[in-house]
Amino acid sequence: MLTPKENLLRAIRHDQPEWVPTAAEGLAWIGPPVVERCTAAGRDAFGVHWSYEARAEGGTFPTSGGHTISDLARWKEQITIPDIDAMAWDAIATYADGVDRDRHLLCGFIELGLFERSYLLLGMSEALMGYVAEPKLMYDLLGALADYKIRLIERLDDVANLDMVWYGDDWGTQDRLFVRPEVWRQIIQPPTRRLYDALKRRNILINQHSCGKIEAIFDDVVEMGADIWNPCQPCNDLVALKRQYGGRIAFSGGIDSQFVLNRPGATPEEVRAEVRRRIDEMADRGGYIAAPSHSVPSDPALIDAMNDEIASYGRRCYQRPA
């Protein structure tokens, strides 16, 4: 019988896993010793201010006016790049040494990627205008951010010997990209490709997180070499993407958080039906990791039903005659 780690690798490699894994199976998580998303009111490592509201999803959010770059033309003077050498790496090394690598892939958690950090530094409105009106300045800014992210990941890998990186950069809204596809390809893709290339040189699996509808650039993401996409939200045509790219990238997520798990009045049987439908659509020959389409709080009874159905149906689906 496969271990969860072995089964997860088979799913990622489209190599007939024994069961549909979940996003929690076979992974141990580790992050760099830097605060890029505050958990309480205060400033992150770039100097951006965050506010706290207990009722807000996640608790903290960027403070209105809390960005640090007031003039895009002067971004080099106004940016603060965290000092990687001054970070406390000893505790990270100690944690990594304690991970059972026979049972777990060690996944580095790298959030707030190039696009997200750009709007945190500039404010959303100024960033979006910059992508259209000042593409060269935005390209240079994202290049500097990519240099930092690459150095951060390389140091984390030097310390922890990573198997995978979960790299977060939300490119999509509910119905489209934040910027036009050609703008994404002109400004965001080239430094993101450099980051991907740095990961591939170190044989690190790339688990690309991007919420929203990103179908318009999905071919680019696959071509750059992403190994997994999460959380593969149903605002995209997941069936069509699986059909076209199913042998080249694994899909993680897909179980509808918005209209099933968090719909008022949803029942456990409706959740079970959603799990079965998504597995039927996405799990053929592997390449699917079952999880909600977003990690938002849900009724525990519904989560229990989801997990139970993944465990049972997600094993039976690979035992059926071809």
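The values are calculated or read from the model by the stated rules, or taken from the named source; none is laboratory data. What you see is a predicted model, and the numbers here were worked out from it, not measured in a lab. So basically every Cβ, Gly included, is an ideal-geometry build from the backbone, and we count neighbours across all protein chains shown.
Could you check E182 against (1) out of contact with any helix residue (DSSP H, G or I) (no Cβ under 8 Å at 6 or more places or on another chain); (2) buried (at least 17 other Cβ atoms within 10 Å of the Cβ); (3) among the acidic types (D, E) and say which number it fails?
(2)
Checking Q208 against (1) crowded, with 17+ Cβ neighbours inside 10 Å; (2) part of a helix (DSSP H, G or I); (3) touching a helix residue (DSSP H, G or I) at 6+ places or on another chain (Cβ under 7 Å), which single condition isn't satisfied?
(2)
Output the helices (runs of 4 or more DSSP H) that fall wholly within the stretch 60-170 and possess 3 or more residues being surrounded by fewer than 17 Cβ atoms within 10 Å (Cβ to Cβ), or say none. Spell out how you get there, then give the answer.
Values: elements: 75-78, 90-97, 114-122, 124-133, 135-160.
Counting at least 3 such residues, we get 75-78, 90-97, 124-133, 135-160.
Condition first: free of Cβ contacts under 8 Å to residues at least 40 places away in the same chain, within 17 Å of M124 (Cβ to Cβ) and in contact with a Ser or Thr (Cβ under 8 Å, 6 or more places away or on another chain). Now tell me which residues in the stretch 48-63 satisfy that.
Answer for the stretch 48-63, where residues must be free of Cβ contacts under 8 Å to residues at least 40 places away in the same chain, within 17 Å of M124 (Cβ to Cβ) and in contact with a Ser or Thr (Cβ under 8 Å, 6 or more places away or on another chain): H49, W50, S51, T60, F61, T63.
Among the residues of the stretch 7-45, what is the count of those that are among the β-branched types (V, I, T) and in a loop (DSSP other than H, G, I, E, B)? Break it down stepwise before answering.
The initial filter retains those residues of the stretch 7-45 that are among the β-branched types (V, I, T), namely 12, 20, 22, 30, 34-35, 39.
From what is left, the residues that are in a loop (DSSP other than H, G, I, E, B) are 20, 34-35, 39.
Residues meeting the conditions: 4.
Could you list, in sequence order, all residues of the stretch 274-301 that are hydrophobic (A, V, I, L, M, F, W, C), surrounded by fewer than 23 Cβ atoms within 10 Å (Cβ to Cβ) and at pLDDT below 95? Steps first, please.
Pass one, the stretch 274-301, residues hydrophobic (A, V, I, L, M, F, W, C): 275, 279, 282-283, 289-291, 296, 301.
Remaining after also requiring surrounded by fewer than 23 Cβ atoms within 10 Å (Cβ to Cβ): 279, 296, 301.
Passing the criteria: V296, A301.
Looking only at the stretch 222-229, decide whether some residue is assigned to a loop (DSSP other than H, G, I, E, B), crowded, with 20+ Cβ neighbours inside 10 Å and among the β-branched types (V, I, T).
no
Please verify whether the stretch 238-251 includes one or more residues that are outside any helix (DSSP H, G or I), under 30 Å from D163 (Cβ atoms) and touching a Leu at 6+ places or on another chain (Cβ under 8 Å). Give the steps one after another, and end with the answer.
From the stretch 238-251, those outside any helix (DSSP H, G or I) are 246-251; that's our starting set.
Next, only the ones that are under 30 Å from D163 (Cβ atoms) stay: 246-251.
Narrowing further to those that are touching a Leu at 6+ places or on another chain (Cβ under 8 Å): 251.
Yes, the stretch 238-251 contains a residue that is outside any helix (DSSP H, G or I), under 30 Å from D163 (Cβ atoms) and touching a Leu at 6+ places or on another chain (Cβ under 8 Å).
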